[in-house]
Amino acid sequence: MRRLFVWLTILLLGSSLTALRAAAAPADKTAHIDDTIQQLPQGLGDIDVLEGKLADFERHSGIRILMEFHQRSPTSEEDKVAGAFMRELSGRLGVRQHGVLVVYFADESDWRVWIGDDLTPRLVGKPGTVKELTASGAIHNAKEAIFASAHAQADASLAELQKKLSGDEQLPPALRVRAQAAALLDALIAKLGPK
C-alpha cells in the first residue's frame with residue numbers, strides 16, 4: 001500500500017511539473033517563430049513545419065531568419081522614420097547585422113521584412129554598402145520583388161485549395177496568412193541561401 005502511495009505521489013508530482021512547464025512556455029513560440037497571437041492555423045503542425053525549415057536553413061547557411069506575428073502595426077511615432085521600427089526590433093532580437101526579421105501585422109494584414117546589413121548585397125545581387133543600396137532604391141526593389149513573388153505563390157496555393165471546397169465555402173483567413181508566410185520564407189531562403 002505504501003509503495004502505491006509513493007508511486008501515485010511521484011506520478012502526480014511529475015504531471016504537475018509538466019503542466020507548469022507547459023504553462024510557462026508561451027504558446028506557439030519556437031526558436032524562430034513567435035505566433036503567440038495565433039495567426040497561423042492551430043493544430044495542423046504548421047508552426048513545426050515552418051520552424052523545421054528555418055532551423056535547417058540556419059544550420060546550412062548560418063543565417064538566422066525570425067518570424068513574428070503582431071496584433072497591431074507600429075504607431076505613427078514608432079514609424080516616423082522609415083525602417084526605424086524594424087531596425088530597432090531586429091537589434092533587440094539579434095538579427096540586425098547578419099539575419100532576417102519577418103513581421104506580420106494582423107490589424108493591417110501587412111508584412112514587413114528586415115534584411116541584415118551584411119546580407120543586403122546578396123539580396124540585391126550586387127555589391128555596395130547599405131547606404132548606397134538604399135539610396136539607389138535597390139533594396140526596396142529587391143524586397144518588392146520578393147513580396148510580389150511570395151504573394152503570387154500564396155495566391156496560387158490558395159486558389160488550388162479553394163477549388164477543392166464545395167459551393168460557397170471559404171478558406172479560413174489563417175490559411176491565407178499561412179500560405180503567405182510559407183511563400184515569403186521560401187522566397188527569402190531561395191534568395192539568401194548558398195548558391
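The values are calculated or read from the model by the stated rules, or taken from the named source; none is laboratory data. Computed from a prediction, not measured in an experiment: that's the story for all the values here. Neighbour counts are summed over all protein chains in view; Cβ atoms, including those assigned to glycine, are modelled from backbone coordinates with ideal geometry. Quick note on the areas: whole protein, heavy atoms, side chains included, nothing else; ligands and nucleic acids left out. Shrake-Rupley method; radii C 1.70, N 1.55, O 1.52, S 1.80 Å.
Provide, for segment 58-195, the number of lysine pairs with alpha carbons under 21 Å apart, each pair being eight or more places apart or on different chains.
Pairs that pass both the separation and distance tests number 9.
Tell me, what is the percent relative contact order of segment 139-195, built from C-alpha pairs under 8 Å that lie six or more residues apart?
After rounding, I find 49 percent.
Tell me, what is the per residue accessible area of segment 61-195 in Å², probe radius 1.4 Å?
Result: 53 Å² per residue.
How many percent of the accessible area of segment 57-195 is carbon or sulfur, using a 1.4 Å probe?
Of all accessible area on segment 57-195, carbon and sulfur atoms account for 53 percent.
Rounded to the nearest 5, what % of DSSP beta bridges with both residues in segment 68-183 are antiparallel?
The answer is about 65 percent antiparallel.
Take every DSSP beta bridge with both residues inside segment 33-127 and express the antiparallel ones as a percent of the total, to the nearest 5.
Roughly 40 percent of the beta bridges in segment 33-127 run antiparallel, per DSSP.
Suppose R0 equals 22 Å; then what is the FRET efficiency for Leu93 and Lys53 from their Cβ-Cβ distance, rounded to the nearest 0.05?
E between Leu93 and Lys53, to the nearest 0.05, is 0.75.
Can you tell me the FRET efficiency between Gln42 and Lys126 if r is taken as the Cβ-Cβ distance and R0 is 35 Å, rounded to the nearest 0.05?
My answer for the efficiency is 0.25.
Once the piece of chain linking Thr75 and Leu161 is laid out straight, how much longer is it, given 0.36 nm per residue of separation minus the C-alpha distance between them?
Stretched out fully, the Thr75 to Leu161 stretch lengthens by 27.4 nm.
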